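The values are calculated or read from the model by the stated rules, or taken from the named source; none is laboratory data. The model shown is predicted, which means the values in this text are computed figures rather than measured ones. No Cβ is skipped: glycine too gets one built from the backbone with ideal geometry, and neighbour counts run over all protein chains shown. Remember, those area values only see protein heavy atoms, side chains included, never the ligands or the DNA or RNA. Shrake-Rupley method; radii C 1.70, N 1.55, O 1.52, S 1.80 Å.
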Amino acid sequence: DRGAEATPLVVDRMMYTTGAYSILYALNAKTGELVWKFDPEVPRSKSGNACCDVVNRGVAISGGKVFVAAFDGRMIALDAKDGKKIWETNAADGSGRTFALTGAPIAIKDKVIIGSGGAEFNARGSVSAFSAADGKLLWRWYTVPGDPSKPQETAALDKAVKTWKGTK
């Protein structure tokens, strides 16, 4: 009864997909039988943190792990075979602004990359990379400037903030 936007991934005869509230399902790709299910227990009070429902657009898979971005701002790695949690990390930028993750992460070599959501609620857009091994934040690249009264992270953001009018 909620939005469903995930593209399933199939690896080693298992199909992984997500539903509302970032619930992850592992199915036998041949029979459709549910092998395991992981509910990250996204607080229902977070439902209003994105414009377009509590959707999740899928997972990434690499090195025997399934990576899911939970709607409430957590990155989570699970064992692909049994769904047991390997690590979980808070992906929010610490600004206190409304923040959501609805996209499918991308696994590249030893990194898991995700873009933030919530710009419609004043979240600052960013793309972040986490260690696939332990969830540690490796880098974050902001797509829009921050507070115009403070130094920006890059020369490009310095130029962009000069085009702003107002204070935030």
Among the listed residues Ser95, Ser128, identify the single one that is among the polar types (S, T, N, Q) and either in contact with a Pro (Cβ under 9 Å, 6 or more places away or on another chain) or closer than 18 Å to Asn56 by Cα (or both). Ser128
Within region 43-71, can you find the residues that are open to solvent by 40 Å² or more (accessible area, probe 1.4 Å) and in a helix (DSSP H, G or I)? Arg44, Ser45, Lys46, Gly48
Please determine whether any residue of region 53-73 is out of contact with any Pro (no Cβ under 9 Å at 6 or more places or on another chain) and without any contact (Cβ under 8 Å) to a residue 12 or more places away in the chain. no
Note on region 128-148: residues in a loop (DSSP other than H, G, I, E, B) and either among the β-branched types (Val, Ile, Thr) or open to solvent by 20 Å² or more (accessible area, probe 1.4 Å) (or both) are Ala133, Asp134, Lys136, Thr143, Val144, Asp147, Pro148
Can you tell which of Lys37, Lys30 is open to solvent by 40 Å² or more (accessible area, probe 1.4 Å), under 19 Å from Glu88 (Cβ atoms) and modelled with pLDDT of 95 or more? Lys37
Determine if region 94-104 includes at least one residue that is within 21 Å of Leu9 (Cβ to Cβ) and part of a strand (DSSP E or B). no
For residues that are open to solvent by less than 40 Å² (accessible area, probe 1.4 Å) and part of a loop (DSSP other than H, G, I, E, B), scanning just region 73-91, find the one that is nearest to Ala29 (Cα to Cα). Ala80
Considering only residues that are among the aliphatic types (A, V, I, L, M) and either closer than 23 Å to Arg74 by Cα or open to solvent by less than 20 Å² (accessible area, probe 1.4 Å) (or both), which ones fall in region 11-26? Met15, Ala20, Ile23, Leu24, Ala26
With Gly117, Gly96 as the choices, which residue is surrounded by 17 or more Cβ atoms within 10 Å (Cβ to Cβ) and under 23 Å from Gln152 (Cβ atoms)? Gly117
Leading residue by the ranking (nearest to Ala156 (Cα to Cα)) among those in region 105-114 that are part of a loop (DSSP other than H, G, I, E, B) and of a type outside the set (Asp, Glu): Pro105
